[in-house]
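Heads up, the thing below is written out as structure tokens.
The values are calculated or read from the model by the stated rules, or taken from the named source; none is laboratory data. Here the structure is a predicted model, which means the values were calculated and not measured. Heads up, the Cβs are rebuilt from the backbone with ideal geometry, glycines too, and the neighbour counts pull from every protein chain shown.
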């Protein structure tokens, strides 16, 4: 079985971007890199790592999707224990709530709240995730 190892973000300011994720989500810095392709900071929640990178070469930053060397990625989701506390941290850090992506009041099941983080990366938060692997008999929490 394959496991998600890391998510990579391209940013013009690895220090500021890493500090945002450390303050809001309590991620721990687990390493740094500085080579011919990029400089950056590695963060972890103990299971998945985020590589916060500033690419030195345009070719290294190019995802080969026709957009060239763009910043960020589309989004990443965090399962959080305390939605209210995380909302407050996001607000304090200046992350804009995506009120244009509100939950349909008729919808049931899991739903993530969306926020705009550093470098326009969309972040979603939820108490759980519908596809999260759980031990047998343990339910996935729903918002």
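A count restricted to segment 1-54 and to residues that are free of Cβ contacts under 8 Å to residues at least 12 places away in the same chain and part of a strand (DSSP E or B) stands at 3. Checking 123, 41, 50 one by one, the residue that is out of contact with any helix residue (DSSP H, G or I) (no Cβ under 6 Å at 6 or more places or on another chain), at pLDDT 90 or above, under 20 Å from residue 11 (Cβ atoms) and crowded, with 16+ Cβ neighbours inside 10 Å is 50 and no other. The set of residues in segment 21-38 being touching a helix residue (DSSP H, G or I) at 6+ places or on another chain (Cβ under 8 Å) and exposed (fewer than 14 other Cβ atoms within 10 Å of the Cβ) consists of 23, 28.
Taking the listed residues 63, 89, the one that is farther than 16 Å from residue 117 by Cβ and outside any strand (DSSP E or B) is 63, with no other qualifying.
All told, residue 72 meets the bar of being under 12 Å from the mean Cα position of the chain (by Cα) and either exposed (fewer than 11 other Cβ atoms within 10 Å of the Cβ) or at positive phi (or both). For residue 114, the test of being modelled with pLDDT of 90 or more, under 19 Å from residue 20 (Cβ atoms) and in a strand (DSSP E or B) is failed.
Is there a residue being modelled with pLDDT under 75, under 22 Å from residue 5 (Cβ atoms) and surrounded by 15 or more Cβ atoms within 10 Å (Cβ to Cβ) anywhere in segment 75-84?
no
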